[in-house]
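Asker: Handing you this structure, nothing more for now.
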Amino acid sequence: MTRLSTRARKAYLLAHIVSAGLWFGIDAAFGILICTALLSGDPAVVATSLRAVGLFVVWPMLTTAVLTLATGVVLGLGSRYGLVRYWWVAVKLAANVLMVLLIFFSLRPGIDDVAEFGRQLAAGGTPEGDPGGLLPPVVVAPSLLLLSNVLSVFKPWGRVRREAVSVR
């Protein structure tokens, strides 16, 4: 891929920053809802929080994660940074790919169960299961997103040496 023009690079960079910011916001809301559900003693609050998680978390989060990944790949390929030329870019790429996979394969299947738990609780039932299993994603995802933002600002570790990426 050839280098992006200044105008195109700025457009992709803006799209990358906005999609990453939206992703971070969705993750923050997800964390607030899960923590509210886990800490509240009021079944109505727990039920509402868990039902809200089922309504909005997975597809908006996955969409913003994929947009962040796509714009990051375009920026990497179309700029001097490359995809694996610098350690900070390679780490961001790996974290983004990992999070997209985790959202799709790990978070997505369990969200319907959490929403159903909330629906049963709202109906006055005694649901089976444990929404506490969603606490790890609430900690891990924002931590990785924060790491990615720090890497973007400070750009540590320098270039990846050719010997480090060549297969022998």
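Asker: Out of Ala44, Ala70, which single residue is open to solvent by less than 70 Å² (accessible area, probe 1.4 Å) and either under 30 Å from Gly129 (Cα atoms) or outside any helix (DSSP H, G or I) (or both)?
Answerer: Ala44
Asker: Right, next: Looking at the range 10-33, I want the residues that are touching a residue at least 60 places away in the same chain (Cβ under 8 Å) and have a partner that is crowded, with 17+ Cβ neighbours inside 10 Å and not in a helix (DSSP H, G or I) with Cβ atoms under 7 Å, at least 6 apart or on another chain. Which pairs are those?
Answerer: As it stands, the answer is Tyr12/Leu4; Phe30/Val57, since those pairs meet every condition given.
Asker: Further question on the same structure: Quick check on Leu107: is it open to solvent by 40 Å² or more (accessible area, probe 1.4 Å), of a type outside the set (Val, Ile, Thr) and closer than 19 Å to Trp59 by Cα?
Answerer: No; evaluated as a whole, the condition is false for this residue.
Each row is one residue, and each column tells you yes or no for (1) out of contact with any Ser or Thr (no Cβ under 7 Å at 6 or more places or on another chain); (2) exposed (fewer than 13 other Cβ atoms within 10 Å of the Cβ); (3) basic (Lys, Arg); (4) closer than 27 Å to Val89 by Cβ.
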site	(1), (2), (3), (4)
Ala8	yes, no, no, yes
Leu14	yes, yes, no, yes
Ile26	no, no, no, yes
Ile32	yes, no, no, no
Thr36	no, no, no, no
Leu39	yes, yes, no, no
Leu50	yes, no, no, no
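Asker: Follow-up. Within the range 13-40, track down each residue that is under 15 Å from Gly72 (Cα atoms) and in contact with a Gly (Cβ under 7 Å, 6 or more places away or on another chain).
Answerer: Listed by number, the list holds a single entry, His16.
Asker: What's the total number of residues in the range 128-160 that are assigned to a helix (DSSP H, G or I) and either in contact with a strand residue (DSSP E or B) (Cβ under 8 Å, 6 or more places away or on another chain) or among the hydrophobic types (A, V, I, L, M, F, W, C) (or both)?
Answerer: 14
Asker: When the range 73-101 is examined, which residues are found to be open to solvent by 50 Å² or more (accessible area, probe 1.4 Å) and closer than 22 Å to Ser143 by Cβ?
Answerer: Listed by number, the residues that qualify are Trp87, Ala94, Val97, Leu98, Leu101.
Asker: Within the range 17-35, identify whether any single residue is more than 19 Å from Asp112 (Cβ to Cβ), of a type in the set (Gly, Ala, Ser) and part of a loop (DSSP other than H, G, I, E, B), and answer yes or no.
Answerer: No: the range 17-35 contains no residue that is more than 19 Å from Asp112 (Cβ to Cβ), of a type in the set (Gly, Ala, Ser) and part of a loop (DSSP other than H, G, I, E, B).
Asker: Among the candidates Val138, Val114, single out the residue that is more than 20 Å from Gly21 (Cβ to Cβ), surrounded by 17 or more Cβ atoms within 10 Å (Cβ to Cβ) and touching a residue at least 12 places away in the same chain (Cβ under 8 Å).
Answerer: Residue meeting the stated conditions: Val114.
The values are calculated or read from the model by the stated rules, or taken from the named source; none is laboratory data. Predicted model, so just to flag it, every value in this text is computed and none were measured. Every residue, glycine as well, gets a Cβ built from its backbone with ideal geometry; the counts of neighbours run over all protein chains shown. Protein only, heavy atoms only, side chains kept; ligands, DNA and RNA dropped before computing areas. Shrake-Rupley method; radii C 1.70, N 1.55, O 1.52, S 1.80 Å.
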